[in-house]
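Report on one structure; see the data block that follows.
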Amino acid sequence: MDTFKARLAGSDLNDHVDETVVLVGEVLSHDGSTVVDMQAADGSNVRVIFDAAVSDLTKCIEVTGKVNADGTMTGWTMSNFGDNFDLKKYGEALKVMDAHRGIFQG
Amino acid sequence: MDGGFGGGGFGDYNTSNGGGFMTGEGGGFSSQSPADAGIKRISTVTPVCVKQVKDAQRGDDTSFIVNGVAVDKVALVAVIRNVQQKATRISYNVEDHTGLIDVMQYLSGGDDEEEPQVPEEVAQNREGRYVRIVASIRAGEDDSKRLNAFLITPIDDHNELTYHFLNVVYANLVSSHGILGERKLGLQAGQPRGSQPSQAGMAGQGMGTATNGATAFNNTPMDTGLPRNLQAVLNVIQTEGSASETGVGMSTILDRLRPQGFNEPQIRSAVEELLNEGQVYSTVDDDHFKSTDD
């Protein structure tokens, strides 16, 4: 399905180069403009470079974007997930979803 | 990352944080046994993802088949990508990253002369915002699916997204393999049932008191329908509200159920839960209700 986007845990980004994916993580740093370093659900660090400046980020964010060959992401859309999002449980849920991926992807 | 699905513990999320695997708001399940089918079909809300809605097949009646089971209403958690408001309805385009789908929400006016009002919570449903949707599935002539929403509420606690996805997996497992413990009741896994595991019936069935997700599933006798207080309120709304455009008022519900031993907080809590689950909706004001089955 053309609108399907894989929800990734972080270290599996390299398996999805040039694909549009969804990554949820904790913001480690933000340059105040387009570059955000985040820690993904599996603990890996990912640099996201948005195509436009982002602001008012909460502790956890969800990014939709393209995976680059160098392991960074080009971010297209961003949703604030607040300061109380449980990234660890989300990571555990991703494992469950991956074990039953037929439900979520065609 | 330590722990697993059960040991990691989803049980520490309870009703206090507005979501959760064990709560009426965020997830959980009940089902009817086949023996119940001849009595009454309890309307249920089935947690699904967009892909499942798009893959749904038409059932015998107005229902759609998701994963081999007829569903009445579905619940999704998705992000709004587009909103268009018209005189009598709001059209949304939403996605949960398994697919993209159109959702229609009709606005109700006080009377024919009055312009439909946009409720405050509906006005908060902006592009880029995650929302929880309770809806029925509709299909066009080309079999493309869309949703007619009873309820679209903004999500403040995004942990609800996590719980929703787990609920989707669990509902799928139950419809494929049967409910854990079902064999003890003499039922066969995968046996057709009148309803899918739902979000409506889980409250008060023991899941909320468990401290461990896996333990909760094993110990919960999930062969009953709605909890008693919810069923009692739903019965009043269905029987006394169906003939009226405005439905039934809260004062009537209180009058009918107090003699049955329910107190006002219990009744109001049950109404709130039925509203959240999309079983009922408010009509002319926040104190009048109709069943979504009417």
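Values computed for the structure shown
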| quantity | calculated |
| --- | --- |
| In nm, spacing of pseudo-spin labels at residue B:61 and residue B:127 (7 Å Cα→C-beta vector) | 4.0 |
| In sequence order, calculated HN-Hα J values of the stretch B:126-136 (Karplus, 6.51, -1.76, 1.60; Hz; x Gly/Pro) | 9, 4, x, 9, 6, 9, 9, 10, 10, 7, 10 |
| Rounded to whole Hz, the Karplus (6.51, -1.76, 1.60) HN-Hα couplings of the stretch B:50-56, x for glycine and proline | 4, 4, 5, 5, 5, 8, 4 |
| Amide hydrogen neighbours beyond the local backbone of residue A:82, cut-off 5 Å, H modeled | A:58, A:59, A:60 |
| Most to least packed among B:245-252, B:261-268, B:229-236 [average Cβ atoms within 10 Å] | B:229-236, B:245-252, B:261-268 |
| Phi to ³J(HN,Hα) by Karplus 6.51 cos²θ - 1.76 cosθ + 1.60 over the stretch A:65-79, Hz, x for Gly, Pro | x, 9, 7, 8, 5, 8, x, 7, 10, 8, x, 10, 10, 9, 10 |
| Residues in the stretch A:2-43 reached by a label modelled at residue A:98 [backbone nitrogen below 14 Å; 7 Å Cα→Cβ] | A:6-16, A:22-24, A:40-43 |
| Protection proxy ranking of B:84-91, B:148-155, A:99-106 - average other beta-carbon atoms within 10 Å, highest first | B:148-155, A:99-106, B:84-91 |
| Sequence ranges A:18-31, B:273-286, A:35-48, ranked by mean other-Cβ count within 10 angstrom, highest first | B:273-286, A:35-48, A:18-31 |
| Test item: A:82-93 mean partner chain Cβ contacts at 10 Å | 6 |
| Under-5 Å amide H pairs with residue A:77, H placed in peptide plane, nonlocal only | A:64 |
| All-pairs alpha carbon distance profile, the stretch B:243-294, 10 Å steps from 0, percent | 26, 56, 18 |
| Principal semi-axes in Å for the stretch A:6-97 [√(5λ), Cα gyration tensor, largest first] | 18, 17, 10 |
| Peptide-level mean, for B:126-134, of C-beta atoms on other protein chains within 10 Å | 1 |
| Amide H partners (placed H, <5 Å) of residue B:151, local residues excluded | B:134 |
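Values in this text are rule-based calculations from the coordinates and carry no lab data. Owing to the predicted nature of the structure, the values given are computational and were not obtained by experimental measurement. As a convention, Cβ positions derive from the backbone with ideal geometry for all residues, glycine included, and neighbour counts pool all protein chains shown.
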